[in-house]
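Written below as structure tokens is the structure these notes are about.
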Amino acid sequence: MKKPPTNPKEIDPKARIAGFDEVVLCYTEKEALAEAARCLQCKNPTCIAGCPVGIDIKKFIAQISAKDYKNAYLTIKEKNNFPSICGRVCPAEYQCRKTCIFTKKDLPFASKDAINIHFLERFAGDYGMKHVEHQSTRAPERQINGIRVAVVGSGPAGLSCAGELARAGIKVVIFESLHKPGGVLRYGIPPFRLSPETLDFEIAYLGKLGVEIKTNTIIGRTKLLNELFKEGFHAVFLGLGAGTPSFMGIPGENFCNIYSANEFLTRVNFMGAYKFPEAHTPVNIGKDVITIGGGNTAMDAARVALRLQKINNIDTNVKVFYRRTENEMPARRLEIEHAKEEGVNFEFLVQPIKFEGDENGNVRSIECLRCRLGEPDSSGRRRPVTIEGSEFKSKCDIAIIATGLLANQVLTGVTPLLKTDKWGNVEVNPVTMETSIKNVYAGGDIVGGEGTVIEAMGMAKKAAAAIIERLERKLS
Ligand code: FAD
Ligand code: SF4
């Protein structure tokens, strides 16, 4: 008989909403061994095709089964620079777990009994953080003489590109506009999903490889792209992300207390708004919070808002409004489950049409139309179709809009030679990730795609390989 999956322990929902500690705990050794033992070690492992960076999943699971945790870690590291991060945030149910042999055909996401590849990756990654890297990381012996590459942006794309280049002996300087590195991993994904200590560790690892990080530097403002070449950098990688929020364009969207999810999360995760007045950046906390959207950003914003209410002794009341059904939600399934367990309520098939406010300009309610699902759109998901005459209103004193993010134009807007598409994303050669400017490469959310951490890292690795190849050719 098939063994049921082993899931890691989680903090009880009532306890966890009182703070920002990580919700999911790492597997114990016993749990990891039990889960690894369920893997069939398939002759043709279908899981690997589902991993955007092609980790040898079968091999690292076999190494865990053999208690060879160090090599399990190193197997993952061959393809993925940050196993502890990806083990926590990868949407595995749409990737490797979905293509695992245990997932039944034609499901939109992995079956429950697909191997918990991501939790095993985290187990190996956390083992590596504690037992491998501290002993073995050192700057590469070889330095390619005088060669320097600038990386703009320190999200997963920039960090990953920097790591690959540094390991090849190239001197890398990362320029980051914010005062701390990490990109969305720092300011978007809340600490209860990815602890800052994990991120700090992975970034410190780059420091040991000799990567320098210059924060508070906006390329396109503090200095221009061509100035980097004048300063002697031989190539530049752009990992600018997509940090510009998109709004719905409906009446009343400018009322006070309507936040973009990015601003709301940045204020809380990055600026410590939940510690106000100890921290200097506050955020308003309402009694009736409505988050609009169905992705990871919407789930994070809703769960953060719920915690703020709890911490401030306000009865928790957070709703998510989404215009399709739960099946079409792009968020990780685990985050949806966690949000529900914590007390977030969901209204599906609703389309906001306007906000109403009071005489002080504060939002007071949201008006919506109900929807039904129509034919699939370009994303393959069934399109929401509004139902005439189905208007309804909901009380709302904080609204958080998480309906999408767009490319940031700070650099592209002042660099006319850098070709962008109609959405403002940087155009690249898909094989080398080189842009329309020679020796300028790009990857991650700034070039579009699925918008996941692992995909951003995969693109960055491709760019790094192309940069290394060109620089080595130049030197030979
Ligand atoms: P980013 O992470 O956005 O980093 C870009 C960096 O570049 C930023 O630090 C920015 O400050 C800096 N920058 C921008 N312009 C300049 C400039 N001109 N000069 C200097 N620095 C600059 N994906 C998952 O796989 N799993 C998840 O669970 C998940 N959850 C998410 C939750 C939220 C709230 C959000 C917003 C996204 C989430 N994603 C998730 C998506 C994922 O985080 C992104 O796809 C990924 O971070 C993209 O990486 P990146 O390096 O391209 O960009
Ligand atoms: Fe097979 Fe799934 Fe194990 Fe991959 S993870 S080897 S597909 S059982």
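Residue-by-condition table, conditions (1) in contact with a His (Cβ under 9 Å, 6 or more places away or on another chain); (2) over 30 Å from Ile285 (Cβ atoms); (3) in contact (Cβ under 8 Å) with a residue 12 or more places away in the chain; (4) assigned by TED's automatic domain parsing to the domain that holds Leu265:
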| position | (1), (2), (3), (4) |
| --- | --- |
| Gly361 | no, no, yes, yes |
| Glu367 | no, no, yes, yes |
| Pro376 | no, yes, no, yes |
| Ala442 | no, yes, yes, no |
*Looking only at region 398-419, decide whether some residue is touching a residue at least 12 places away in the same chain (Cβ under 8 Å), in a helix (DSSP H, G or I) and buried (at least 19 other Cβ atoms within 10 Å of the Cβ).*
yes
*On the given criteria, is Ala302 modelled with pLDDT of 95 or more and in a loop (DSSP other than H, G, I, E, B)?*
no
*asked:* Tell me whether region 259-268 contains one or more residues that are exposed (fewer than 15 other Cβ atoms within 10 Å of the Cβ), outside any helix (DSSP H, G or I) and of a type in the set (Ser, Thr, Tyr).
replied: no
*Given (1) within 25 Å of Ala162 (Cα to Cα); (2) more than 11 Å from ligand 2 (Cβ to nearest atom); (3) buried (at least 17 other Cβ atoms within 10 Å of the Cβ), number of the condition Lys70 does not satisfy*: (3)
*Looking at Glu212, Glu263, which is the one that is among the acidic types (Asp, Glu) and assigned by TED's automatic domain parsing to the domain that holds Ile366?*
Glu263
*Return only the number of the condition from (1) at pLDDT below 95; (2) part of a helix (DSSP H, G or I); (3) not hydrophobic (A, V, I, L, M, F, W, C) that Lys462 does not satisfy.*
(1)
*Which residues, taken from region 238-258, are at positive phi and surrounded by fewer than 18 Cβ atoms within 10 Å (Cβ to Cβ)?*
Gly249
*With Lys79, Lys3 as the choices, which residue is charged (D, E, K, R), within 16 Å of ligand 1 (Cβ to nearest atom) and at pLDDT below 95?*
Lys79
*Yes/no for Ala464 being within 16 Å of ligand 1 (Cβ to nearest atom), within 25 Å of the chain's Cα centre (by Cα), under 27 Å from Gly404 (Cβ atoms) and in the same structural domain as Ile170 (by TED's automatic domain parsing)*: no
*Residues in region 25-35: is at least one away from ligand 2 (no atom under 11 Å from the Cβ), touching a strand residue (DSSP E or B) at 6+ places or on another chain (Cβ under 9 Å) and not assigned by TED's automatic domain parsing to the domain that holds Met457?*
yes
*All but one of (1) near ligand 2 (Cβ under 10 Å from one of its atoms); (2) surrounded by fewer than 20 Cβ atoms within 10 Å (Cβ to Cβ); (3) within 24 Å of Glu164 (Cα to Cα) hold for Gly50, so report the exception by its number.*
(2)
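Mind checking which helices (runs of 4 or more DSSP H) fall wholly inside region 13-78 and carry at least 1 residues that are of a type in the set (Ser, Thr, Tyr)?
57-65
The values are calculated or read from the model by the stated rules, or taken from the named source; none is laboratory data. Because the structure is a prediction, the values reported are computed rather than measured. Every residue, glycine among them, receives a Cβ derived from its backbone with ideal geometry; neighbour counts consider all protein chains shown.
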